[in-house]
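All remarks here apply to the structure that follows.
The values are calculated or read from the model by the stated rules, or taken from the named source; none is laboratory data. Here the structure is a predicted model, which means the values were calculated and not measured. Cβ placement follows ideal geometry from the backbone for every residue including glycine, while neighbour counts extend to all protein chains displayed.
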Amino acid sequence: MKHKTSVLIVNSKEKTSKVRQVPTHIIVHWRKYAAFLSLLVLSFILVSGFLIYQNTSRSYQERLDKANYIRNQIDLQKALTAFATIDSGMYRINSFLQDRGLEELRMDNAGGVGAEFDIVNINEFADFYQKQVLGLEETLNSAPIGKPSDGDISSKFGYRRNPFTGRNTEFHGGIDFKGQVGDSIKTTGCGLVIFAGYKGGYGRCVIIEHEKNLQTLYGHLWQIQVKVGDYVNSGQLIGLMGSSGRSTGPHLHYEIIYNGKRIDPKKYVSFEKEEKSYG
């Protein structure tokens, strides 16, 4: 039987004391036990520190390897060139819209790039949006967008009272822009001049063929400054406002013709949505 030593525990706050029996060898060799316990705690701390360092180093190395991989995958010069092209393309598009009195386009978040976008795809991303912007610019240049004249609209598309007699109604196949004789008339899109001359009630008239079966007609001109076969750029001067043909005074009669049918140019001039009635 192991020898034990009685230890008296006295609590100053209590009247009674407590006696506990402790193995004698612990009391005799307490320094050894304390040193062993300290060594055990120190060993635990060292092992934990080593494991933490190892995991941190592995994570750091993984991040370093990924960074090196990304650096090797990205053609920085190509990306910078592509984004510069996008920027200049947006500038040209917005200048185009401003010239026609329309609001600028904004690219707050090109393509809606989310959290899943990986920077290693930056070259493909830049190429894609470079092509998108260039395609948008080409479409805007070829489509008849904006105002051909700085004047306000004086007569809308659709049925109206006869401006000569003030009686009955007649169909007005375009919109009229008021102004003065000699005001500049500019084409609203790139295209080929397919008519330039005198055309009945239109007077001196220019017709331009655009892509996608679209044509624009500019009537009642005073002077024509293009000829059939000319390719004109968007915003190019094609004539001067007048009052030739069936006209009550100086103005521009402007039509948009799609697949041979005259359509309301208003939504092309201002991008307004076509109103619909239900019921």
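What do you reckon, is Lys273 more than 16 Å from Ala143 (Cβ to Cβ), at pLDDT 95 or above and surrounded by fewer than 16 Cβ atoms within 10 Å (Cβ to Cβ)?
So Lys273 fails the test.
Can Leu214 be described as touching a Phe, Trp or Tyr at 6+ places or on another chain (Cβ under 8 Å), among the aliphatic types (A, V, I, L, M) and within 21 Å of Ser154 (Cα to Cα)?
In short, no.
Filter segment 158-176 for residues that are out of contact with any His (no Cβ under 6 Å at 6 or more places or on another chain) and surrounded by 14 or more Cβ atoms within 10 Å (Cβ to Cβ) and give the result.
Pro163, His172, Gly173, Ile175
Any residue in segment 238-254 that is in contact (Cβ under 8 Å) with a residue 60 or more places away in the chain and farther than 13 Å from Cys205 by Cβ sitting within a Cβ distance under 6 Å of a residue that is among the acidic types (Asp, Glu) and assigned to a strand (DSSP E or B)? List the pairs, counting only those 6 or more apart or interchain.
Here the result reads His251/Asp176, each pair linking segment 238-254 to a residue that is among the acidic types (Asp, Glu) and assigned to a strand (DSSP E or B).
Within segment 215-252, can you find the residues that are assigned to a loop (DSSP other than H, G, I, E, B), within 38 Å of the chain's Cα centre (by Cα) and modelled with pLDDT of 95 or more?
Gln225, Val226, Gly229, Asp230
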